[in-house]
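Student: Have a look at the structure that comes next, please.
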Amino acid sequence: MPFTDRLIALAIVAVWGFNFVVIKWGVAGVPPFLLGALRFACAAGVGLLFVRRPKLGWSTLAAYGLTVGFGQFAFLFSAIKAGMPAALASIVLQSQAFFTLLLGALWLREPFSPAQLIGLSVGSGGLLLIGLSSGHTLPLAGFALTLAGAVCWASSNLVVRHIVRQGQQPDMLSLVVYASLIPILPFLAMWALFEQADTDWSAVLTLNSAAAVAYLALVATLFGYGQWSRLLSRHSANVVAPYSLLVPFFGVLSASLFLGERLSALQLAGGALLLAGLAIGSLGPRLLARLREVNT
């Protein structure tokens with residue numbers, strides 16, 4: 001990968017890591033469900049001007065939009081509003097990789113590799129340690145909601161795999177933009193049911209809230225996925241995908257610098273185990289394949 005593309009990859013994961021800090025700032029003034037509606041309305045409103053619709057049916061777009069859009073972010077925004085630290089949210093949400101393995105085995109009958117089984121075991125130990133810290137520095141509700149968001153993200157991964165199995169290769173930016181239309185109404189409905197009466201419009205209609213929405217929609221969504229899709233079109237997935245392992249690093253660093261968050265020893269150990277399991281599961285099969293090639 002050329003040096004400029006490496007810099008772009010680092011910029012993307014830095015943007016996605018800082019995303020958790022922005023969510024923390026956003027839910028301080030905007031109720032979680034309203035924030036979700038505004039984020040996807042902004043992303044779709046701008047993205048539709050530049051991106052062509054993918055050659056997919058609306059039922060497929062709905063499945064993707066409801067899982068990765070509404071499900072993931074309804075739970076994640078609510079988790080951070082409930083007190084989930086941004087740093088830990090950036091780590092725990094990566095458990096989506098393990099839920100993808102489990103759901104893939106159940107739904108798509110995809111087998112585990114030995115490295116993936118080891119990674120799943122190590123990562124599960126990390127989640128257990130983080131869960132044990134709940135009730136003191138970590139709210140149990142926030143932890144549970146973040147895990148639910150990870151399950152929804154994993155479900156969206158299976159939607160994409162199902163699309164690929166049907167012989168289609170959708171452009172991810174196009175898929176994300178058009179799927180952004182789907183969560184808007186569910187978010188607004190949830191806001192009307194649970195948040196409308198307590199919405200402080202003086203806090204919603206501020207420059208800080210507008211900046212948070214703009215970052216989430218334009219920077220994290222359109223820039224992030226747009227450039228990620230560009231990298232995937234130029235390089236193989238096994239070259240680009242490992243950079244996503246750096247998202248929690250930037251998430252923890254950003255939360256420390258901008259929010260003053262500090263993880264406990266138990267949370268640090270759990271986070272390290274979770275990320276180690278993720279690295280083993282995602283990089284292990286490739287390393288073993290390379291070793292076999294060298295030996296032959």
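Student: Name the residue that is modelled with the lowest pLDDT, counting only residues in the range 254-263 that are out of contact with any Phe, Trp or Tyr (no Cβ under 9 Å at 6 or more places or on another chain) and surrounded by 16 or more Cβ atoms within 10 Å (Cβ to Cβ).
Tutor: So the residue we want is Leu263.
Student: All but one of (1) hydrophobic (A, V, I, L, M, F, W, C); (2) surrounded by 17 or more Cβ atoms within 10 Å (Cβ to Cβ); (3) over 13 Å from the mean Cα position of the chain (by Cα); (4) part of a helix (DSSP H, G or I) hold for Ala97; state the number of the condition that does not hold.
Tutor: Condition not satisfied by Ala97: (3).
Student: A further question follows. Give all pairs with beta carbons closer than 8 Å in which a residue from the range 6-17 that is in contact (Cβ under 8 Å) with a residue 40 or more places away in the chain meets a residue that is assigned to a helix (DSSP H, G or I) and of a type in the set (Lys, Arg); count only pairs at least 6 apart in sequence or on separate chains.
Tutor: Sorted first by the residue in the range 6-17, then by its partner, the pairs are Ile8/Arg230.
Student: I'd like to check something: does the range 23-33 contain any residue that is modelled with pLDDT of 95 or more and either touching a His at 6+ places or on another chain (Cβ under 9 Å) or within 28 Å of Asn238 (Cβ to Cβ) (or both)?
Tutor: No; the residues of the range 23-33 include none that is modelled with pLDDT of 95 or more and either touching a His at 6+ places or on another chain (Cβ under 9 Å) or within 28 Å of Asn238 (Cβ to Cβ) (or both).
Student: Right, another one. May I ask you to verify whether Leu218 is among the aliphatic types (A, V, I, L, M), surrounded by fewer than 18 Cβ atoms within 10 Å (Cβ to Cβ), over 20 Å from Lys24 (Cα atoms) and at pLDDT 90 or above?
Tutor: Against the criterion (among the aliphatic types (A, V, I, L, M), surrounded by fewer than 18 Cβ atoms within 10 Å (Cβ to Cβ), over 20 Å from Lys24 (Cα atoms) and at pLDDT 90 or above), Leu218 does not qualify.
Student: Counting only residues that are of a type in the set (Ser, Thr, Tyr), in contact (Cβ under 8 Å) with a residue 12 or more places away in the chain and surrounded by fewer than 24 Cβ atoms within 10 Å (Cβ to Cβ), which one in the range 40-77 is nearest to Val27 (Cα to Cα)?
Tutor: Only one residue fits best here, namely Thr67.
Student: Please work out if Thr137 is closer than 29 Å to Leu266 by Cβ and either of a type in the set (Lys, Arg) or at pLDDT 95 or above (or both).
Tutor: Taking the combined requirement at face value, the residue does not satisfy it.
Student: Next up: Name the single residue, out of those in the range 29-79 being among the β-branched types (Val, Ile, Thr) and over 18 Å from the mean Cα position of the chain (by Cα), that is farthest from Val160 (Cα to Cα).
Tutor: Going through the qualifying residues, I end up with Val30.
Student: Could I ask something else about it? Go through the range 202-271 and tell me which helices (runs of 4 or more DSSP H), entirely inside it, have 1 or more residues that are under 22 Å from Ile80 (Cα atoms) and either over 15 Å from the mean Cα position of the chain (by Cα) or touching a residue at least 12 places away in the same chain (Cβ under 8 Å) (or both).
Tutor: So the answer is 207-214, 224-234, 247-259.
Student: Mind telling me which of the residues Ile163, Ile182 ends up being in a loop (DSSP other than H, G, I, E, B), surrounded by 15 or more Cβ atoms within 10 Å (Cβ to Cβ) and of a type in the set (Val, Ile, Thr)?
Tutor: Among Ile163, Ile182, only Ile182 is in a loop (DSSP other than H, G, I, E, B), surrounded by 15 or more Cβ atoms within 10 Å (Cβ to Cβ) and of a type in the set (Val, Ile, Thr).
Student: Shifting gears a bit: From the residues in the range 115-134 that are over 23 Å from Leu266 (Cα atoms) and touching a residue at least 12 places away in the same chain (Cβ under 8 Å), which one is surrounded by the most Cβ atoms within 10 Å (Cβ to Cβ)?
Tutor: Checked the range 115-134; the qualifying residue surrounded by the most Cβ atoms within 10 Å (Cβ to Cβ) is Gln116.
Student: Within the range 136-169, track down each residue that is in contact with a strand residue (DSSP E or B) (Cβ under 6 Å, 6 or more places away or on another chain) and aromatic (Phe, Trp, Tyr).
Tutor: Phe143
The values are calculated or read from the model by the stated rules, or taken from the named source; none is laboratory data. Given the structure is predicted, the values throughout are model-derived calculations rather than measurements. Glycine also receives a Cβ, built like all others from the backbone with ideal geometry; neighbour counts cover every protein chain displayed.
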